[in-house]
Amino acid sequence: MSVRRASVGLAPWCFVAPFAVLFVLFTLIPLVQSVPLSLSHTFGPSASLPVGLEKFASALDDPRFWVALRNTFLFAAGSVFIQLPVSLALALLLNRRRLVGRGVFRLLFFSPQLVGLVFAGVLASVIFQKQRGLVNMALAAFVEPWHDLVAGGRLEAWIPSPTEMLALPWLETLALPALILTALWMYAGFNMIYFLAALQNVSRDQLESAMLDGAGPIRRFWHVTLPAIQPVAVFVVLLSIIGSFQLFELPYVMLPEGVGLQDRGLTIVTYLFKSGFEAGDLGYAAAIGWMLAIILAGFAIAQRLVSREGALR
Amino acid sequence: MMPRLTARVSVGALAVYAVLLIASVVVAVPLFYLVVSSFKSEADFLDSVFLPKGDGLFGVGWERLTTEQFRELFSPPIGIGRAMLNSIFLASVTSVLGTLICASAGYALAVYRFRGRAAAEWIVIAALVIPPPLLIAPSYRWLYQLGLLDSYWGVILPAVAPVFGVYLFKQATVQSLPRSILEAARLDGANELSLFLSIGLPMLRPMVGAFLIITFLAMWNNFIGPQIVLQSASKQPLSVVIYLTQTSYYADYGLLMAGTLVSVLPVMVLFLLLQREFITGLTAGAVKGE
């Protein structure tokens, strides 16, 4: 042992040194500085005044902070309860034996993930417009025959007219649904890859014997497939929540003023960014950052508890 | 019995293909819309959803498609060529430096027993859970104090030492590099650097390829870093320039779509070309990581 240590000399430290220096400079120092910064009132990057916990207190008193928190929670719920089931469904479909074109489908579903968030936001801001936007025009074309069918009748009030559809304010009051749909387009195929990998752990034998026992597709999914992919599913849910809570570029680029009408699309990180760089209050931004970190730590601990409970059972 | 069974199977299969095709259309339509809108004049953008109507093949006015938007994009005052070079520069430098730095650190953590190794490993794992938004405000002030605002290095240096990269390369080295090979080469008198360059990196090749692509993509699509660090227009990459174009030329959709297409296309093509490298690297890590 001592002989080998002598022979490699300082090599290990030399290999780690570039990483260590950059990590200390650009992760550790900002991390440590975020504590005093969150306890200060700043005037741009150069001047600051210590104010204790005032920034945290004012965040808790700040209605916009609560709106941002609520919106972010709802967006995360949309990711977990809408996007992930779609990802899992796509994975189950692609996991069929003897599927022709599996590689092409997988590549196509994955491809929106390559579009950067800023660029996807610009595209979405055009597609979700009133009147000329692709989404509203498609919806208008869809309701038109139904609306014509019931025109003048009692049902007319129940079926929206094409004009109403063209006026749907996705980027203004419907900002959250628009964000959830855009994220669905971008990430459903990405999470599908995790589920596809997990489905390789499902035993064909168990599925076949369940089939012989007369279990239908739903019961087979519930009792054989789901337990087998549970560890990956819990992990994907956690990643999805953590990612959702950091939502920023999409709304910032897509929505008017980056927030939509009356803050309907304001997220925590958008508020952090606007506080730090538009209002110039870096202390407030750091305090919001710490509250975000605490919330995410809560989710991570919850995930630990869930998977430990699963392991015990 | 047999015919009925095959009939049922094919009905099920048809349903599966139908759903997959619908999903494909939903995924592809926005991308198709992006491409088509880039080649339409302002009047045609307002006049037609996808391709302009006309007397050409399939009732499309092919002759009305125009590259005017691209000409406007690449000439002043927008001059998007400069932003493209900035994106290429930032993404290439970051991916090469980041891969070398993470690979050498991960390799060392896996191969050597040295004082401070346990601490370094613990720090890498702990740092994985730091949410990046927490560092936005303090990093900005710190870069200001270091005098790195409005310089390329202010964007590059914070991005070339991602802890998850060190973690990935450490795992890959543990799984794909037998220590005995290193011992044998060492007895032949090879020094540690040449061991890393001639044995370590080649054995880690799939992970090196995948990580180059991941870091390139991440920097190409990075917005927050360049947006807060780079103030001079001449230094800004596509992500910032497209965002600014959107806010200042909001009504000119064709121009905006053309700019977005120009920003998205290079990475899409790159990914398609290097797809196998990318997937091999990722699946190698995942399968062996089990």
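The values are calculated or read from the model by the stated rules, or taken from the named source; none is laboratory data. All figures in this text were calculated on a predicted structure; none of them were measured in a lab. Cβ sites come from the backbone with ideal geometry, for glycine too, and all protein chains shown count toward neighbours. Please note that ligands, DNA and RNA were not included when accessible areas were found on the heavy atoms of the full protein model with its side chains. Shrake-Rupley method; radii C 1.70, N 1.55, O 1.52, S 1.80 Å.
If you go through the range B:103-118 one residue at a time, do you hit one that is under 21 Å from the mean Cα position of the chain (by Cα), touching a residue at least 40 places away in the same chain (Cβ under 8 Å) and open to solvent by less than 20 Å² (accessible area, probe 1.4 Å)?
Taking the range B:103-118 and keeping what is under 21 Å from the mean Cα position of the chain (by Cα), we get B:103.
Narrowing the set further to residues that are touching a residue at least 40 places away in the same chain (Cβ under 8 Å) leaves B:103.
Filter once more, so that each one left must be open to solvent by less than 20 Å² (accessible area, probe 1.4 Å): B:103.
Yes: one or more hits.
Between A:144, A:172, which is among the acidic types (Asp, Glu), without any contact (Cβ under 8 Å) to a residue 60 or more places away in the chain and away from chain B (no Cβ under 13 Å)?
Working: A:172 fails: without any contact (Cβ under 8 Å) to a residue 60 or more places away in the chain.
Within the list A:144, A:172, the selection yields A:144.
Please determine, by comparing only the residues of the range A:76-109 that are open to solvent by 30 Å² or more (accessible area, probe 1.4 Å), touching a Ser or Thr at 6+ places or on another chain (Cβ under 9 Å) and touching a residue at least 40 places away in the same chain (Cβ under 8 Å), which one is nearest to residue A:266 (Cα to Cα).
If we take residues in the range A:76-109 being open to solvent by 30 Å² or more (accessible area, probe 1.4 Å), touching a Ser or Thr at 6+ places or on another chain (Cβ under 9 Å) and touching a residue at least 40 places away in the same chain (Cβ under 8 Å), then A:108 is nearest to residue A:266 (Cα to Cα).
With respect to residue A:292, determine if the residue is part of a helix (DSSP H, G or I) and open to solvent by less than 40 Å² (accessible area, probe 1.4 Å). Break it down stepwise before answering.
Working: part of a helix (DSSP H, G or I): yes; open to solvent by less than 40 Å² (accessible area, probe 1.4 Å): yes.
It is true that residue A:292 is part of a helix (DSSP H, G or I) and open to solvent by less than 40 Å² (accessible area, probe 1.4 Å).
Report those helices (runs of 4 or more DSSP H) wholly inside the range A:173-270 carrying at least 2 residues which are farther than 30 Å from residue B:246 by Cβ and of a type in the set (Lys, Arg).
Working: elements: A:175-199, A:204-212, A:217-220, A:226-245, A:249-254.
It comes to A:217-220.
Kindly list the number of the only condition in (1) within 26 Å of residue A:8 (Cβ to Cβ); (2) small (Gly, Ala, Ser); (3) assigned to a helix (DSSP H, G or I) that fails for residue B:154.
Looking at each condition in turn, residue B:154 falls short on (1).
Say whether the condition of being on the phi > 0 side of the Ramachandran plot and open to solvent by 80 Å² or more (accessible area, probe 1.4 Å) is met by at least one residue in the range B:89-98.
Here is the first cut: in the range B:89-98, the residues on the phi > 0 side of the Ramachandran plot are none.
So far as the range B:89-98 goes, no, none of its residues is on the phi > 0 side of the Ramachandran plot and open to solvent by 80 Å² or more (accessible area, probe 1.4 Å).
Could you grab the pairs with beta carbons closer than 7 Å, sequence gap of 6+ or different chains, first residue in the range A:210-226 and within 20 Å of residue A:196 (Cα to Cα), second one in a helix (DSSP H, G or I) and open to solvent by 100 Å² or more (accessible area, probe 1.4 Å)?
These pairs meet every condition: A:220/A:211; A:224/A:206.
Going through A:187, A:194 one at a time, which residue ends up being more than 10 Å from chain B (Cβ to nearest Cβ), over 19 Å from residue B:49 (Cα atoms), buried (at least 20 other Cβ atoms within 10 Å of the Cβ) and of a type in the set (Phe, Trp, Tyr)?
Values: A:194 fails: more than 10 Å from chain B (Cβ to nearest Cβ).
Result of the check over A:187, A:194: A:187.
Please find, among B:85, B:14, the residue that is open to solvent by 60 Å² or more (accessible area, probe 1.4 Å) and either within 29 Å of the chain's Cα centre (by Cα) or touching a residue at least 24 places away in the same chain (Cβ under 8 Å) (or both). Spell out the reasoning first.
On the way: B:14 fails: either within 29 Å of the chain's Cα centre (by Cα) or touching a residue at least 24 places away in the same chain (Cβ under 8 Å) (or both).
B:85 is the lone residue from the list that is open to solvent by 60 Å² or more (accessible area, probe 1.4 Å) and either within 29 Å of the chain's Cα centre (by Cα) or touching a residue at least 24 places away in the same chain (Cβ under 8 Å) (or both).
Could you please find all residues in the range B:144-169 being away from every other protein chain (no Cβ under 11 Å) and either open to solvent by 60 Å² or more (accessible area, probe 1.4 Å) or closer than 13 Å to residue B:106 by Cα (or both)?
Within the range B:144-169, B:164, B:167, B:168 qualify.
Taking interchain pairs and intrachain pairs at least six residues apart, which have beta carbon atoms under 8 angstrom, with the first residue in the range B:52-68 and without any contact (Cβ under 8 Å) to a residue 24 or more places away in the chain and the second part of a loop (DSSP other than H, G, I, E, B) and open to solvent by 80 Å² or more (accessible area, probe 1.4 Å)?
B:61/B:55
Only one of B:230, B:212 is of a type in the set (A, V, I, L, M) and open to solvent by less than 10 Å² (accessible area, probe 1.4 Å); which?
Details: B:212 fails: open to solvent by less than 10 Å² (accessible area, probe 1.4 Å).
One residue alone meets the criteria, B:230.
Of all residues in the range B:28-54 being in a loop (DSSP other than H, G, I, E, B) and under 15 Å from residue B:255 (Cβ atoms), which is least open to solvent (accessible area, probe 1.4 Å)?
Filtering the range B:28-54 down to residues in a loop (DSSP other than H, G, I, E, B) leaves B:39-41, B:48-52, B:54.
Of the ones still in play, those that are also under 15 Å from residue B:255 (Cβ atoms) are B:39-41.
Numbers: B:39: 68, B:40: 2, B:41: 37 Å².
Only one residue tops the list, namely B:40.
List every residue pair whose Cβ atoms sit under 6 Å apart, with the two residues 6 or more apart in sequence or on different chains, where the first one lies in the range A:258-285 and is more than 8 Å from chain B (Cβ to nearest Cβ) and the second, anywhere, is in a loop (DSSP other than H, G, I, E, B) and acidic (Asp, Glu).
From residues that are more than 8 Å from chain B (Cβ to nearest Cβ), the pairs are A:260/A:172; A:261/A:172; A:275/A:281.
With the checklist (1) within 11 Å of chain B (Cβ to nearest Cβ); (2) within 27 Å of residue A:198 (Cβ to Cβ); (3) polar (S, T, N, Q) in hand, flag the one item residue A:125 doesn't pass.
(2)
Whether any residue in the range A:180-194 is over 26 Å from residue B:272 (Cα atoms) and without any contact (Cβ under 8 Å) to a residue 40 or more places away in the chain is what I want to check.
Kept after step one, since they are over 26 Å from residue B:272 (Cα atoms), are these residues of the range A:180-194: A:180.
From what is left, the residues that are without any contact (Cβ under 8 Å) to a residue 40 or more places away in the chain are none.
Among the residues of the range A:180-194, not one is over 26 Å from residue B:272 (Cα atoms) and without any contact (Cβ under 8 Å) to a residue 40 or more places away in the chain, which makes the answer no.
Having 1 or more residues that are away from chain B (no Cβ under 14 Å) and at pLDDT below 95 is the bar; report the helices (runs of 4 or more DSSP H) wholly within the range A:14-88 that clear it. Can you show your working first?
Details: elements: A:29-38, A:54-61, A:63-78.
Per the criteria, A:54-61.
Scan the range A:6-64 for residues that are under 28 Å from the mean Cα position of the chain (by Cα), open to solvent by 30 Å² or more (accessible area, probe 1.4 Å) and among the hydroxyl-bearing types (Ser, Thr, Tyr) and report the count.
Qualifying residue count for the region: 1.
If residue A:100 satisfies all but one of (1) more than 11 Å from chain B (Cβ to nearest Cβ); (2) over 15 Å from the mean Cα position of the chain (by Cα), what's the number of the condition it fails?
(1)
Any chance you could count how many residues in the range B:102-143 are farther than 15 Å from residue A:27 by Cα and within 10 Å of chain A (Cβ to nearest Cβ)?
Residues that pass the stated criteria total 14.
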